[in-house]
Amino acid sequence: MEIPLESQEHVIPDIKHEYLDHTADVQLHAWGTTLKEAFEQCGMAMFGYMTELPTVDIKTCYEIKTEPTDDLENLLFRFLDELLFLFSAEPFLICKKIEITKFDMENFYIVCRCYGEEFDLKKHPQGTEVKAITYSAMQIHQMPEQNKCEVFVIIDI
(Lines give C-alpha, C1' and ligand atoms only; values in the text may rest on other atoms or scores of the structure.)
Protein backbone atom coordinates (compact mmCIF):
# COMPACT_ATOMS: atom_id res chain seq x y z
CA MET A 1 0.00 0.00 0.00
CA GLU A 2 1.45 3.34 -1.03
CA ILE A 3 1.43 5.99 1.66
CA PRO A 4 2.05 9.74 1.29
CA LEU A 5 5.73 10.66 1.46
CA GLU A 6 6.51 13.10 4.22
CA SER A 7 8.31 16.21 3.06
CA GLN A 8 11.09 15.85 5.63
CA GLU A 9 14.64 14.91 4.70
CA HIS A 10 15.37 11.23 5.14
CA VAL A 11 18.45 10.24 7.07
CA ILE A 12 19.86 7.06 5.62
CA PRO A 13 21.20 4.75 8.35
CA ASP A 14 24.80 3.55 8.44
CA ILE A 15 25.52 0.31 6.61
CA LYS A 16 25.66 -2.60 9.03
CA HIS A 17 25.63 -5.57 6.70
CA GLU A 18 27.95 -7.61 4.51
CA TYR A 19 27.82 -10.41 1.95
CA LEU A 20 29.37 -13.77 2.77
CA ASP A 21 30.36 -16.41 0.21
CA HIS A 22 28.13 -19.43 -0.12
CA THR A 23 28.33 -22.28 -2.63
CA ALA A 24 25.46 -21.41 -5.03
CA ASP A 25 23.75 -18.57 -3.24
CA VAL A 26 24.73 -15.62 -1.08
CA GLN A 27 24.51 -15.22 2.66
CA LEU A 28 23.42 -11.89 4.09
CA HIS A 29 24.93 -10.97 7.44
CA ALA A 30 23.36 -7.94 9.12
CA TRP A 31 23.61 -6.48 12.60
CA GLY A 32 22.40 -3.68 14.82
CA THR A 33 22.02 -2.65 18.42
CA THR A 34 18.45 -4.02 18.35
CA LEU A 35 16.78 -6.91 16.57
CA LYS A 36 14.61 -4.38 14.73
CA GLU A 37 17.71 -2.65 13.37
CA ALA A 38 19.29 -5.98 12.37
CA PHE A 39 16.10 -6.91 10.44
CA GLU A 40 16.07 -3.49 8.71
CA GLN A 41 19.74 -3.89 7.78
CA CYS A 42 19.09 -7.38 6.41
CA GLY A 43 16.39 -5.96 4.14
CA MET A 44 18.77 -3.24 2.99
CA ALA A 45 21.46 -5.84 2.32
CA MET A 46 19.05 -7.68 0.02
CA PHE A 47 18.22 -4.49 -1.92
CA GLY A 48 21.91 -3.59 -2.03
CA TYR A 49 22.63 -6.91 -3.71
CA MET A 50 20.09 -6.07 -6.45
CA THR A 51 21.47 -2.60 -7.29
CA GLU A 52 23.82 0.11 -6.10
CA LEU A 53 21.82 1.88 -3.39
CA PRO A 54 23.52 5.31 -3.81
CA THR A 55 21.74 5.51 -7.22
CA VAL A 56 18.31 5.18 -5.56
CA ASP A 57 16.29 8.27 -4.62
CA ILE A 58 13.44 8.48 -2.14
CA LYS A 59 10.42 9.36 -4.26
CA THR A 60 7.71 7.18 -2.73
CA CYS A 61 6.84 5.24 0.38
CA TYR A 62 5.01 1.93 0.66
CA GLU A 63 3.89 0.20 3.83
CA ILE A 64 4.10 -3.56 4.17
CA LYS A 65 2.78 -5.83 6.91
CA THR A 66 3.66 -9.42 7.66
CA GLU A 67 1.07 -11.89 8.81
CA PRO A 68 1.45 -12.96 12.46
CA THR A 69 3.55 -16.10 12.87
CA ASP A 70 4.92 -18.26 15.68
CA ASP A 71 8.68 -17.57 15.83
CA LEU A 72 11.48 -15.15 14.92
CA GLU A 73 12.89 -17.18 12.03
CA ASN A 74 9.52 -17.30 10.31
CA LEU A 75 9.08 -13.57 10.99
CA LEU A 76 12.43 -12.77 9.35
CA PHE A 77 11.56 -15.00 6.38
CA ARG A 78 8.14 -13.37 5.92
CA PHE A 79 9.58 -9.87 6.29
CA LEU A 80 12.22 -10.41 3.60
CA ASP A 81 9.70 -12.21 1.40
CA GLU A 82 7.34 -9.19 1.58
CA LEU A 83 10.23 -6.88 0.64
CA LEU A 84 11.16 -9.14 -2.28
CA PHE A 85 7.53 -9.14 -3.45
CA LEU A 86 7.52 -5.33 -3.32
CA PHE A 87 10.48 -5.35 -5.70
CA SER A 88 9.16 -8.16 -7.92
CA ALA A 89 5.64 -6.79 -8.52
CA GLU A 90 4.51 -3.42 -9.77
CA PRO A 91 5.67 -0.77 -9.03
CA PHE A 92 9.00 -2.72 -8.74
CA LEU A 93 10.09 -0.67 -5.73
CA ILE A 94 13.78 -0.58 -4.90
CA CYS A 95 14.28 0.66 -1.35
CA LYS A 96 16.92 3.06 -0.10
CA LYS A 97 15.56 3.13 3.44
CA ILE A 98 13.53 0.64 5.49
CA GLU A 99 11.87 1.71 8.71
CA ILE A 100 10.08 -0.87 10.86
CA THR A 101 7.33 1.04 12.64
CA LYS A 102 5.85 -1.93 14.54
CA PHE A 103 7.97 -4.90 15.68
CA ASP A 104 5.62 -7.14 17.66
CA MET A 105 7.58 -9.85 19.50
CA GLU A 106 4.47 -11.38 21.12
CA ASN A 107 2.48 -12.08 17.97
CA PHE A 108 5.53 -12.02 15.68
CA TYR A 109 4.52 -9.52 13.02
CA ILE A 110 6.04 -6.42 11.45
CA VAL A 111 4.72 -3.19 9.96
CA CYS A 112 7.33 -1.42 7.86
CA ARG A 113 7.68 1.69 5.72
CA CYS A 114 9.75 1.23 2.58
CA TYR A 115 11.23 4.36 1.00
CA GLY A 116 12.59 4.38 -2.53
CA GLU A 117 11.58 4.54 -6.14
CA GLU A 118 10.60 2.37 -9.07
CA PHE A 119 13.52 0.29 -10.35
CA ASP A 120 14.74 1.63 -13.69
CA LEU A 121 17.55 -0.05 -15.66
CA LYS A 122 18.47 3.32 -17.21
CA LYS A 123 19.23 4.68 -13.73
CA HIS A 124 19.96 1.72 -11.45
CA PRO A 125 22.80 -0.70 -12.26
CA GLN A 126 21.46 -4.23 -12.34
CA GLY A 127 22.97 -6.35 -9.61
CA THR A 128 22.06 -9.96 -9.02
CA GLU A 129 18.47 -11.13 -9.16
CA VAL A 130 17.18 -12.49 -5.87
CA LYS A 131 14.86 -15.39 -6.63
CA ALA A 132 13.79 -16.35 -3.11
CA ILE A 133 14.47 -16.19 0.59
CA THR A 134 15.49 -19.46 2.25
CA TYR A 135 15.44 -20.92 5.75
CA SER A 136 18.75 -22.67 5.05
CA ALA A 137 21.31 -21.85 7.77
CA MET A 138 19.17 -18.94 8.99
CA GLN A 139 20.47 -17.62 12.30
CA ILE A 140 19.28 -14.92 14.67
CA HIS A 141 21.56 -13.97 17.54
CA GLN A 142 20.59 -11.58 20.32
CA MET A 143 23.55 -10.57 22.51
CA PRO A 144 22.26 -8.02 25.04
CA GLU A 145 25.53 -8.09 27.00
CA GLN A 146 27.29 -6.79 23.86
CA ASN A 147 24.41 -4.48 22.86
CA LYS A 148 24.29 -6.31 19.52
CA CYS A 149 21.97 -8.45 17.43
CA GLU A 150 22.94 -10.33 14.26
CA VAL A 151 21.04 -12.16 11.54
CA PHE A 152 22.28 -14.49 8.83
CA VAL A 153 20.07 -15.35 5.86
CA ILE A 154 20.85 -17.22 2.65
CA ILE A 155 19.07 -15.87 -0.42
CA ASP A 156 18.59 -17.85 -3.61
CA ILE A 157 20.14 -16.03 -6.56
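Computed 3J(HN,Hα) for the range 111-122, one whole-Hz value per residue from the Karplus formula 6.51 cos²θ - 1.76 cosθ + 1.60 where θ = phi - 60°, is 10, 9, 9, 10, 9, x, 8, 5, 5, 9, 4, 6, glycine and proline marked x.
Estimated from helices alone, the mean residue ellipticity of the chain at 222 nm is -7000 deg cm²/dmol (sum of -39500 (n - 2.57) over DSSP H runs with n ≥ 4, per residue). Other residues whose C-beta falls under 13 angstrom from the C-beta of GLU37 contribute a net charge of 0, scoring Lys and Arg +1 and Asp and Glu -1. Can you tally the net charge around ASN74? Count Lys and Arg as +1, Asp and Glu as -1, for every other residue whose Cβ sits under 12 Å from the Cβ of ASN74. For residues surrounding ASN74, the net value is -4. When LEU83, LEU72 are compared by accessible area of protein heavy atoms, the largest-first order is LEU72, LEU83, using a 1.4 Å probe. One Cα centroid belongs to the range 53-103, the other to the range 118-147; the line between them spans 11 Å.
A 1.4 Å probe run over the protein chains yields, for the range 115-157, 58 Å² of accessible area per residue, whole-number rounding.
Do the alpha carbons of any pairs in LYS123/LYS148; LYS65/LYS96; LYS59/LYS122; LYS16/LYS131; LYS96/LYS131 sit beyond 28 Å of each other, and which pairs?
Numbers: LYS123/LYS148 35 Å; LYS65/LYS96 18 Å; LYS59/LYS122 16 Å; LYS16/LYS131 23 Å; LYS96/LYS131 20 Å.
Check vs 28 Å cut-off fails for LYS123/LYS148.
Rolling a 1.4 angstrom probe over the protein heavy atoms with all chains in place gives the range 31-110 an accessible area of 43 Å² per residue. Atom-type composition of the exposed protein surface of the chain places 49 percent of the accessible area on carbon and sulfur (1.4 angstrom probe). Note on ASN107 and VAL11: with the Förster distance fixed at 35 Å, the Cβ-Cβ geometry gives a FRET efficiency of about 0.75.
The values are calculated or read from the model by the stated rules, or taken from the named source; none is laboratory data. Nothing here was measured: the structure is a model prediction, and the numbers come from that model. Note: ideal-geometry Cβ built from the backbone for every residue, glycine included; neighbour counts use all protein chains shown. Accessible surface areas use protein heavy atoms only, side chains included; no ligands, DNA or RNA. Shrake-Rupley method; radii C 1.70, N 1.55, O 1.52, S 1.80 Å.
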